[in-house]
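For reference, the structure is listed below as structure tokens.
The values are calculated or read from the model by the stated rules, or taken from the named source; none is laboratory data. These numbers come from a predicted model, not from an experiment. Here the Cβ is made from the backbone with ideal geometry for all residues, glycine too, and neighbour counts use every protein chain on show.
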Amino acid sequence: MSAKDLTDSQRMELKKLAEQLNKKRAFLELTIAGNESSDLTYRDIVGEVHDTADESFASSLSDTQAYSKCHVINTLSDVNEALQRIKEGRYGRCIDCKKDIDSSRLHAYPEAKRCLICKEKYEALRSHAIGHRL
């Protein structure tokens, strides 16, 4: 969406989406900052007692924390990329097929970088590739 090619209503819509992305970025940054100070280590959870159930729980919790942190960081990256696409006038265009992304998708998921068709293809290829690595 190049700003010069937009109608007034499209400009307003883009502005709202940018505001939504900026709020999401601020929330994610606070989440990351909060997680950094509250991450429990394996030793914090298990302590000096080393029974199998405690170790299993500690391992699961540690894995969950790592996945959660990774997910938040990836989402923040997607939000920052979307804001950059807005600045460059490329927002709302699929990075794969270069067609417009449906506005209902952008409202539901403002950091979307692919149209639904390309996203499904991407996920299928990714799923297939991961399946071969297992």
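Okay, here's what the table says:
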item: Some residue of the range 75-92 being over 21 Å from the mean Cα position of the chain (by Cα), at pLDDT 95 or above and within 30 Å of Leu6 (Cβ to Cβ); result: no
item: Residue within the range 41-48 that is more than 26 Å from Lys99 (Cβ to Cβ), at pLDDT 85 or above and of a type outside the set (Gly, Ala, Ser) present; result: no
